[in-house]
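Data block below; observations after.
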Amino acid sequence: MRHGHFEDNVIENNGLYGISIGHKDTDNLFTHNTVTGNGFSAVYFRKESLKNSGHRNTFRDNTIANNGDVKSGYGFYVEPYAGDILIANNRISDTRSGSNRTQRYAVYRTAGAGSIQLQNNTMEGNVVGEYYEAKR
């Protein structure tokens, strides 16, 4: 999808990903969505070639919460070579208590992923941390 606008959606309880971005998904805006309870991550940028990966996608004013299972869980998980991503004014959290919390990171950037710009997000309650950037 190119130049899409996704607004006021509730995306929840999917087996792996709430939103999956990959093959030439570029220049999209995701705003005022709620993405919760997905098996791996709320938003997953798939591993593609540089030419085909998702670029210039914006996530603004969304609620991202309570994603993952006992092995893995992420708000945003970004594979190579996705990039030029703006994540702004979102709430990215795990609001559950104790062992029910499984969202490990708010944003996880794998080695080889492109740029991610974070602006004014509220990130809290994630099991391990708010942001992780894998080294090459």
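Answer yes or no as to whether residue 70 is touching a helix residue (DSSP H, G or I) at 6+ places or on another chain (Cβ under 9 Å), among the aliphatic types (A, V, I, L, M), within 20 Å of residue 95 (Cα to Cα) and surrounded by fewer than 20 Cβ atoms within 10 Å (Cβ to Cβ). Show your work before the answer.
On the way: touching a helix residue (DSSP H, G or I) at 6+ places or on another chain (Cβ under 9 Å): yes; among the aliphatic types (A, V, I, L, M): yes; within 20 Å of residue 95 (Cα to Cα): yes; surrounded by fewer than 20 Cβ atoms within 10 Å (Cβ to Cβ): yes.
So residue 70 passes the test.
A Cβ distance below 6 Å, combined with a sequence gap of six or more or placement on separate chains, defines the contacts here; from the range 9-35, residues that are free of Cβ contacts under 8 Å to residues at least 60 places away in the same chain reach residues that are hydroxyl-bearing (Ser, Thr, Tyr) in the pairs 10/34; 12/36; 17/41; 17/44; 20/44; 29/58; 34/63. The residues on offer are 104, 96, and the sole one that is crowded, with 19+ Cβ neighbours inside 10 Å and either among the basic types (Lys, Arg) or over 13 Å from the mean Cα position of the chain (by Cα) (or both) is 104.
Please tell me if residue 110 is touching a residue at least 12 places away in the same chain (Cβ under 8 Å) and closer than 19 Å to residue 11 by Cβ. Considered against the rule, which asks whether it is touching a residue at least 12 places away in the same chain (Cβ under 8 Å) and closer than 19 Å to residue 11 by Cβ, residue 110 comes out as no. Residue check: residue 81 meets all listed conditions (1) over 17 Å from residue 125 (Cα atoms); (2) of a type in the set (Phe, Trp, Tyr); (3) under 12 Å from the mean Cα position of the chain (by Cα) but one, namely (3). Being at negative phi and either free of Cβ contacts under 8 Å to residues at least 24 places away in the same chain or in contact with a strand residue (DSSP E or B) (Cβ under 8 Å, 6 or more places away or on another chain) (or both) is a property that residue 105 has. The test for being within 19 Å of residue 124 (Cα to Cα), assigned to a helix (DSSP H, G or I) and small (Gly, Ala, Ser) holds for residue 99. Meeting the requirement of 2 or more residues that are modelled with pLDDT of 95 or more and of a type in the set (A, V, I, L, M, F, W, C), the strands (runs of 3 or more DSSP E) wholly within the range 45-91 are 63-65, 74-78, 85-88. Does residue 113 satisfy the criteria of being part of a strand (DSSP E or B), in contact with a Gly (Cβ under 7 Å, 6 or more places away or on another chain), among the small types (Gly, Ala, Ser) and on the phi < 0 side of the Ramachandran plot? Judged against the criteria, residue 113 is not a match.
The values are calculated or read from the model by the stated rules, or taken from the named source; none is laboratory data. Just so it is clear, the model here is predicted, and its values are computed rather than measured. Cβ coordinates were reconstructed from backbone atoms using ideal geometry, including for glycine residues, and neighbour counts include every protein chain displayed.
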